[in-house]
Every structure is written in structure tokens, then in C-alpha cells.
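*Asks:* Dumping the structure here so I can ask a few things about it.
Just so you know, all these numbers are worked out from the coordinates, no wet-lab data involved. As the structure is a computational prediction, the values presented were derived from the model and not from experiment. Here Cβ is always computed from backbone atoms with ideal geometry, including for glycine, and neighbour counts include all displayed protein chains.
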Amino acid sequence: MNTPAKILVIIPCYNEEATIVDTVERLRATCPEVDFLVINDCSTDRSAELLERHHYPHLDLPVNLGIGGGVQCGYRYARANGYDVAVQMDGDGQHDPAYLSAVVEPVLAGRYDMCIGSRFITRQGFQTSFMRRVGIRFLSWLIHLLCGHRVQDVTSGFRATNARLTAYFADHYASDYPEPEAILSATLAGFRVGEAPVIMQERQGGVSSIRSFKSAYYMIKVSLSLIIDRLAIRKTKR
């Protein structure tokens with residue numbers, strides 16, 4: 001990316017010892033012009049040791065906040081340090097930094113306040129399991145029902161935000177499984193949310209926070225949270 005804009009890549013990290021070094025090194029080799037910050041969310045493996053050994057810019061959280069709380073720390077850092085764009089990129093190797101410009105450029109061009117890297121536009125690369133795709137389509141339908149805006153890859157953690165939305169998320173961000181809720185809250189707050197095609201890879205190591213029997217719990221919890229969020233905003237506007 002040939003731009004004078006200040007860009008921060010936020011990399012949440014929880015027990016990613018198998019992938020965090022490769023993730024950071026790929027980012028540095030592909031996009032040397034951007035800054036990055038790893039948010040170590042009380043990892044119990046060697047992640048903290050590796051971050052220290054390689055002298056990567058990082059925050060060691062004193063308590064485990066979950067993915068939402070960790071990313072929100074990154075948004076607060078981006079706001080405090082005057083970044084033009086904040087990018088969330090997972091530490092498990094799924095997100096290819098070669099597509100960083102794909103999610104950043106629509107934000108810099110002013111088309112979107114948040115651009116989400118979507119694996120479902122061109123349907124290339126890793127498409128996740130059939131059951132997860134069903135769940136993602138359901139959440140996409142639910143968000144469209146609640147706010148009238150369609151996003152295909154609602155659980156994608158590869159996304160870029162401009163300074164205004166970064167500041168909003170620094171104060172308003174779901175703490176548990178935030179990706180779908182962030183789309184709803186940003187849209188209802190009047191921000192423009194869109195997608196750009198990216199190719200993702202399968203998780204390169206570690207364990208997903210959504211697995212086996214927990215997937216049903218995830219769907220129920222997120223669906224209820226989205227509905228409650230919508231009702232709360234409607235009540236506030238009255």
C-alpha cells in the first residue's frame with residue numbers, strides 16, 4: 001500500500017504459540033509500512049515468551065478479557081495514538097496479509113467506515129465447514145432482518161475501520177463473540193459497513209473458540225444478543 005495514512009494492525013492472541021511468530025513475520029514481510037500490536041489475552045502457553053523474545057510490540061493483559069475485550073484494547077490504543085485505520089487480523093494464520101490492502105483501501109477511499117474481508121464473495125480458499133456456513137448464513141439473515149443491511153461473512157475477524165468507527169468501537173464493543181454484533185451496532189449507529197473479497201486459509205494451529213457442542217451455544221447466544229441489542233437501541237430512540 002502506497003499511502004501516507006497511519007495504519008495499525010491489531011492481532012488478538014490467545015494460546016497461539018504455534019502460529020503467532022509466522023503470522024507477524026508474514027505481515028512484516030508483506031506490509032512493512034504498517035504498524036502492528038499483538039494483544040496477548042493471558043495466554044497459558046508460550047505466546048508471551050515468544051512475543052518478548054522477538055521484541056514484537058504487544059500488550060499483556062492482566063486478566064483474560066476474551067476476543068472482544070482484547071480487540072477493544074487495540075481500538076483504544078489506535079484511538080489514543082491517532083491511527084487513520086485500524087485492522088483486526090487473527091493470530092492463527094487464517095488471514096493472509098497479502099489482502100490487507102483489499103480491506104483497507106475501501107476505507108481510505110471513503111466508501112466504507114468498516115470493510116470486512118469476506119471469503120464468500122469469490123468463494124475461493126478455505127470456506128469453513130458446512131455447518132458453520134449454515135450458521136453464518138443464518139446470522140447474516142438475522143442481521144439483515146434487524147437492520148436492513150446484508151453482510152455475507154458476518155463472523156470474519158479480518159476487518160478495517162476508519163478513525164471515527166475505531167473511536168466508536170473503543171467505547172462500544174461486545175466482549176464475547178463480537179464480530180456479528182459489531183456489524184449490527186455500527187450499522188444502527190449510522191456507519192457504512194461493506195465487504196471486500198479475500199482468500200483465507202484454514203487455521204494453522206491452536207484451537208478455535210467455537211467448536212463442537214459449543215457451536216449451538218454460540219448461535220443461541222449471539223442470536224439473543226443481536227435481538228437484545230436491536231431492542232435496546234429501539235427503546236433508546238423512543
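*Asks:* Please sort by residue number the trypsin sites (Lys or Arg not before Pro) in region 1-59 whose DSSP state is loop and whose Cβ has at most 16 other Cβ atoms within 10 Å. Before the final figure, lay out the partial values.
*Replies:* Numbers: sites: K6, R26, R28, R46, R53; in loops: K6, R46.
Passing both the DSSP loop test and the Cβ count: K6, R46.
*Asks:* Suppose only helical runs count, i.e. DSSP H with n ≥ 4. What mean residue ellipticity at 222 nm does that imply for the chain under -39500 (n - 2.57) per run, divided by all residues and rounded to the nearest 500 deg cm²/dmol? Don't skip to the answer; put the middle values down first.
*Replies:* Working: 8 runs with 104 residues, N = 238.
After summing the helix terms and dividing by the residues of the chain, the value is -14000 deg cm²/dmol.
*Asks:* Whole-Hz ³J(HN,Hα) for each residue in region 150-161, computed from phi via Karplus 6.51 cos²θ - 1.76 cosθ + 1.60 with θ = phi - 60°, x for glycine and proline: what do you get?
*Replies:* These are the phi-based 3J(HN,Hα) values: 9, 10, 7, 9, 6, 9, 5, x, 9, 8, 10, 10 Hz.
*Asks:* Let me ask something else. Of [x] 16.8, 48; [y] 18.3, 55; [z] 16.8, 54, which one was derived for Rg and Dmax of the Cα atoms in Å from the structure shown?
*Replies:* So the calculated entry is the one marked [z].
*Asks:* So in the chain, what percent of DSSP beta bridges are antiparallel if you round to the nearest 5? List each step's numbers first, then the result.
*Replies:* Details: 8 of 27 bridges.
Looking only at bridges with both residues in the chain, the antiparallel portion is about 30 percent.
*Asks:* Taking DSSP loops as anything outside H, G, I, E and B, show the longest stretch in the chain free of GluC sites (Glu not before Pro) there with at most 16 other beta carbons within 10 Å.
*Replies:* 34-201
*Asks:* Which is the longest stretch in the chain that no exposed loop site breaks, taking sites as chymotrypsin sites (Phe, Trp or Tyr not before Pro) with a DSSP loop state and at most 15 other Cβ atoms within 10 Å?
*Replies:* Of all site-free stretches, the longest is 1-125.
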